[in-house]
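Take a look at the structure set out below.
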Amino acid sequence: MPAIQLASPWLVFAPLLLVTAALIGLPLLDRTRPRNRLLIAAGVGAVALVYGWWRLTITVPWSAPWPALAFALLVLAVELLGHFDSAILYAALVRRTDRTPEADAHEARLRALPPSALPAVDVVIATYNEPLAVLEKTIIGALALDWPDVRVWVADDGRRAWLHDWCRAKGAGYIIRPDNAHAKAGNINHALEKTEAPFMAVLDADFVPQRNWLIRTMGFFEAPNVGIVQVPHSFYNHDPLQQNLALRDAVPDDQRFFFEAIMPGRDGWDAAFCCGSNGIIRREAMTAVGGKLPGGSITEDMLLTLVMLRKCYVTRYLSEPLAYGLAPESMTAFFVQRARWAQGGIQLLFLKEGPLGPGLRLRERLFFMPTAWASQALMLLLALVSPLVFLFLDVPPLVGVTAESAIFFLLPMVVAQVGGIVLLGQGRYYPIASLVLGTFQSFKLLPVILKTLWQPHGHAFKVTPKGSDAGGGGMERGIFLACTALMLATMAGLTINALPDWRIVAQGALVPMVAFWGALNVLVLFLAAMLCIGRPSPRAEERFAIDEPVAVWRRDASPQSGALLYWARGLDLSLSGIGVAAVGDAESLRAGEAVRVRIAGVGTLEGQVARRARGLVGIAFSTTDSAVRDRLIVRLFTSGANVARLQPSVWQVTWSLLSRIWKADMHTPVRPPVPAPAEPPPDKLPAQSLALPPGRPAALSARSG
């Protein structure tokens, strides 16, 4: 391409400056108004069209030898696929909904009705091999739901005798089936046959519903075309990005952008979908589509939404954290989960009920195309490999590119695309964090995606490990070695081409641009390599901040006897202990001393002093009172107020990530020894179809201190 002819060389920066000025000025607009969001998307689209003209007419080496042309066309095809998925993303973001006002009105209406007027709801908790430490929170939380006729069922595909006994003691129903056909989908379908309430709420084994979950969501079923009401997946622990890079208090979990920006946008197009857990299903709608979850994909939840759309039932989405679960607790769990999502999404392409089958409108087909899995992985890995192909083989991914044309066409497009998503995502999209995590997962997900495209069926459903089964720590050696090799190769290629006598690239003027590209790749690869080093959680149980008085006294005394040690201020609380700041005489406390702690709304818990330093006292609970533990679960996990919702700025997250390079404390803290939980007996129930109805649940209401 000939050099850009401009009246002044400084004008080459004009498009970039205009885009930057627009991104600085547009936040002043009210981005809750659809017209303003559409204006942002239209501006980004205009920049993309100019870039697309340059990219298609100038940068493709049509006359090059076939290997160079094939490589350039591969890069172009992946880029076009990425732009296709980006357009769908922008379409979603311009039509975001906020259904909280509707939920407020529905809740007021429902609370004004007599309890007998509210429909029954079956709450089905699907489980296979999760430990009691995970299950008890979900079951107790479901039993504490604020709804007059809620029937809690534990659908146990593990057929565990100890879980049967535990459910009977707590008042939860218990269901088993004679086989494990079709994994989770088959388990829920069997539960559908054994239950009869007009609505079914589905929970994964680790998701604890908030007490107001049903009262906030059931009102949406007033509209007869609503088949499913879905709420976000929120988490009370930290995901691998937060944990492994020591960013627990600096970066939100990686699913906030999807659940708090993309899903509300899809809802605006009636294209939200069931996410497996935290959804409520109208039984009448389920009957209309055959009375069961459809098969053929291991993501049966999304397929259910597509089947219901064909019967004119929509999935409504309420973006409120009304159930909290466990984010993947290890890298193994992370990849089991993401591989299942990717496989299930790709499988939809090969099903009659999928987005390419009959009976859907064009926009529904577009929103349910799973191509984003492939485009993200391909784009990120090609971005790492393309500079190496150029530096070592002198085969460029684009031709006719000069520094001026890159500044005039390429940089404005990149800034506009990323900046537009940041603006429309309203504080939930963090480009560098997304780039690092996307690069990290692409090494393992791309082979899964390609294999599924070649062989779409026959993939087993794998349960995401939870609790003690998830493990923690460890190292992703394969990804670490790949990141290290790519970093070394990039630096070697730049060094070789910086020396005139060794240079491989014929166009030496392009080396500075490729050097910038390579430096960015090295930065991302370094952070991705750091992410490969697992850091297990330093605590056995998640802790939640509190600020309230608690009473502590020796175990062999009572508060009425005058042996009260002191009133204390609670600082943090978990199922395993409490941290307090002493207000009275704390000097008499000794490590190992047996004490009792009274917490308002929970009761009295037995424990012992685990540590004491500078007026801070840590007490480990050892209570055996099941009712008190149940009330503590309700207190900690069903109010939502104890879970911090981070919403830092893009610049804060970017700085936090970059600062990990030189100041991250990657030391793995030593967890204090915790008594291992008693292993339940391995007894299995006979392979049979069994449904024991719920009994009267134990009292879970708060008890005054």
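The values are calculated or read from the model by the stated rules, or taken from the named source; none is laboratory data. From a predicted model like this one, the values you see are computed outputs, not experimental measurements. In this analysis, Cβ positions are derived from the backbone assuming ideal geometry, glycine residues included, and neighbour counts consider all displayed protein chains. Heavy atoms of the whole protein, side chains included, go into the accessibility calculation; ligands, DNA and RNA do not. Shrake-Rupley method; radii C 1.70, N 1.55, O 1.52, S 1.80 Å.
Tally Lys/Arg at +1 and Asp/Glu at -1 over every other residue whose Cβ is under 13 Å from the Cβ of ILE298; what's the total?
+2
Take TRP502 and ASP149, extend 7 Å from each Cα along the Cα→Cβ direction, and tell me the distance between the two endpoints in nm.
About 7.9 nm, to one decimal.
Less than 17 Å apart at the alpha-carbon level, and either on another chain or at least 8 residues along: which aspartates and glutamates does that give for LYS352?
Of all the aspartates and glutamates, those that pass the test against LYS352 - Cα under 17 Å, at least 8 places apart if same chain - are GLU300, ASP301, GLU364.
Distance cut-off 21 Å, Cα to Cα: go down the list LYS292/LYS684; LYS184/LYS292; LYS184/LYS462; LYS170/LYS462; LYS184/LYS444 and report the pairs above it.
LYS292/LYS684; LYS170/LYS462; LYS184/LYS444
For the pair ALA581/LEU76, report the inter-label distance in nm, with labels modelled 7 Å from Cα in the Cβ direction.
Roughly 6.5 nm, to one decimal.
How much area per residue is accessible in the chain when the probe is 1.4 Å and only protein heavy atoms are counted (Å²)?
Using a 1.4 Å probe on heavy atoms only, each residue of the chain averages 44 Å².
Using a basic spin-label model with each label point 7 Å from the Cα along Cα→Cβ, how many nm lie between ARG33 and LEU56?
The modelled label-to-label distance comes out at 3.4 nm.
Give the calculated FRET efficiency between ALA64 and PHE392 to the nearest 0.05, with a Förster radius of 22 Å applied to their Cβ-Cβ distance.
With R0 = 22 Å, the Cβ-Cβ based efficiency is 0.80.
Give the long-range amide H neighbours of ALA197: residues separated by 5 or more places, or on another chain, with amide H under 5 Å away, using H modelled in the peptide plane at 1.01 Å from N.
Residues meeting the criterion, in which the H sits 1.01 Å from N, are ASP122.
With only alpha-carbon pairs counted, each pair once and no self-pairs, how large is the Kirkwood hydrodynamic radius of segment 386-501 in angstroms? Before the final figure, lay out each step's value.
On the way: mean 1/r = 0.0534 Å⁻¹.
It works out to 18.7 Å.
Enter the angle in degrees (range 0 to 90, nearest 10) between the Cα long axis of helix 14-25 and the first principal axis of the Cα atoms of the chain, meaning the one along which they spread out most.
Rounded to the nearest ten degrees, it is 20.
Could you look at segment 44-132 and say what percent of its accessible area is carbon and sulfur, using a 1.4 Å probe and all protein chains?
Carbon-and-sulfur percentage of accessible area, whole number: 72.
Give me the compactness ratio for segment 191-246, meaning the Cα radius of gyration over 2.2 N^0.38 Å.
Ratio of Rg to 2.2 N^0.38 Å for segment 191-246: 1.54.
On a 0 to 90 degree scale, rounded to 10, what angle separates helix 34-58 from the longest Cα axis of the chain?
The two axes meet at around 40 degrees.
In percent, how large is the relative contact order of the chain, given Cα pairs closer than 8 Å and 6 or more residues apart?
Once divided by the residue count of the chain, the mean separation gives 19 percent.
Have a look at TRP662, GLN255, LEU214 and report the one farthest towards the positive end of the charge dipole of the chain, computed about the Cα centre with Cβ charges (Lys/Arg +1, Asp/Glu -1).
Among TRP662, GLN255, LEU214, the one farthest towards the positive end of the dipole of the chain is LEU214.
Could you grab the relative contact order for segment 334-472? Cα pairs under 8 Å, six or more apart, rounded to a whole percent.
44 percent
Taking the Cα centre as origin and putting +1 on Lys and Arg beta-carbons and -1 on Asp and Glu beta-carbons, what dipole magnitude results for segment 397-531, to the nearest 20 debye?
My answer is approximately 420 debye.
Pick out, from TYR317, MET331, LEU303, the residue whose Cα sits farthest towards the positive end of the charge dipole of segment 292-360, with +1 on the Cβ of Lys and Arg and -1 on the Cβ of Asp and Glu.
My answer, from the dipole projection, is LEU303.
Residue by residue through segment 598-612, which ³J(HN,Hα) values in whole Hz follow from phi under the Karplus form 6.51 cos²θ - 1.76 cosθ + 1.60 (θ = phi - 60°), with glycine and proline marked x?
Ordered by residue, 3J(HN,Hα) equals 10, 10, 4, x, 10, x, 9, 10, 8, x, 9, 5, 8, 7, 8 Hz.
Can you tell me the FRET efficiency between ALA120 and ALA627 if r is taken as the Cβ-Cβ distance and R0 is 35 Å, rounded to the nearest 0.05?
Efficiency computed from Cβ-Cβ geometry: 0.85.
Gain in length, ALA108 to LYS311, computed as 0.36 nm per residue apart minus the alpha-carbon separation, to one decimal in nm?
70.1 nm
Go through segment 372-475 and name the trypsin sites (Lys or Arg not before Pro) that are in a DSSP coil and have 15 or fewer other Cβ atoms within 10 Å of their Cβ.
Those satisfying the criteria are LYS462.
Summing +1 for each Lys or Arg and -1 for each Asp or Glu, what net charge is found among the other residues whose Cβ lies under 14 Å from the Cβ of LEU527?
Net local charge, LEU527 excluded: 0.
Given +1 on the Cβ of Lys and Arg, -1 on the Cβ of Asp and Glu, and no further charges, what dipole in debye does the chain carry about its Cα centre, rounded to the nearest 20?
In total the dipole reaches around 420 debye.
Ignoring everything except DSSP H segments at least 4 long, calculate the 222 nm mean residue ellipticity for the chain; use -39,500 (n - 2.57) per segment, divide by total residues, nearest 500.
Rounded to the nearest 500, it is -13500 deg cm²/dmol.
Each residue of segment 313-322 in order: what ³J(HN,Hα) in whole Hz does its phi give by Karplus 6.51 cos²θ - 1.76 cosθ + 1.60, θ = phi - 60°, with x for Gly and Pro?
My calculation for segment 313-322 gives 9, 9, 9, 9, 10, 10, 7, 10, x, 10 Hz in order.
SER639 to HIS457: extension gain in nm, 0.36 nm per residue of separation minus the Cα-Cα distance?
61.4 nm
Sum up the charges of everything whose Cβ sits under 12 Å from the Cβ of GLY359, counting Lys and Arg as +1 and Asp and Glu as -1, but leave GLY359 out.
Every neighbour counted, the sum reads +3.
So between GLN337 and GLU284, what do we pick up on full extension, going 0.36 nm a residue minus the alpha carbon distance?
Between GLN337 and GLU284, full extension yields an extra 16.0 nm.
At R0 = 41 Å, how high is the FRET efficiency between ARG598 and TRP655 if r is their beta carbon distance? Nearest 0.05 is fine. Spell out each step's value before the answer.
On the way: r = 43 Å, r/R0 = 1.06.
Rounded to the nearest 0.05, the efficiency is 0.40.
Computed on alpha carbon atoms, what radius of gyration and Dmax characterise the chain, expressed in Å?
Expressed in Å, the Cα Rg and Dmax of the chain come to 28.1, 95.
Could you give the longest part of the chain that holds none of the chymotrypsin sites (Phe, Trp or Tyr not before Pro) found in DSSP loops with at most 14 neighbouring Cβ atoms within 10 Å?
63-501
Just want the answer: with Cβ charges of +1 for Lys and Arg and -1 for Asp and Glu, which residue in PRO67, LEU192, PRO115 is farthest toward the dipole's positive end in segment 53-207?
Of the candidates, PRO67 comes out farthest on the positive side.
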